Amino acid sequence: MDPIHIPITDQLDLHTFRPGEVSDLLQDYFAACIEQEILSIRVIHGKGTGALKRGVHAFLEKSPLVRSFREAPPDAGGWGATLVELKPSI
């Protein structure tokens, strides 16, 4: 299977991904964001059953690339999205 090209922006929509794919995707995406000095990211995981959100938050809690994260305010997706602050590269 060919790799999927995802444009690197301050927003990542995970609706088309399965929970098992999230950790590797986030690791690579965040590393690319840091390289481009994009340090504030909105990760859209949707509301659904919450499985995707739980997977995202589990990754964020242990990632050394992440400075902080929080649920998005209502106008930015509410509990269907998470705002992430990344650590700048040294």
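Every number in this text was worked out from the coordinates using simple rules, so none of it is lab data. Here the structure is a predicted model, which is why all the values come from computation and not from measurement. Cβ atoms come from the backbone with ideal geometry, glycine included; neighbour counts cover every protein chain shown.
Quick one: putting +1 on the C-beta of Lys and Arg, -1 on the C-beta of Asp and Glu, what dipole do you get for the chain around its Cα centre, in Debye to the nearest 20?
400 debye
Over its Cα atoms, what ratio of radius of gyration to 2.2 N^0.38 Å does the chain give?
Ratio of Cα Rg to 2.2 N^0.38 Å: 1.01.
Taking every DSSP beta bridge with both residues inside the chain, roughly what % is antiparallel (nearest 5)?
Here the antiparallel bridges make up roughly 75 percent for the chain.
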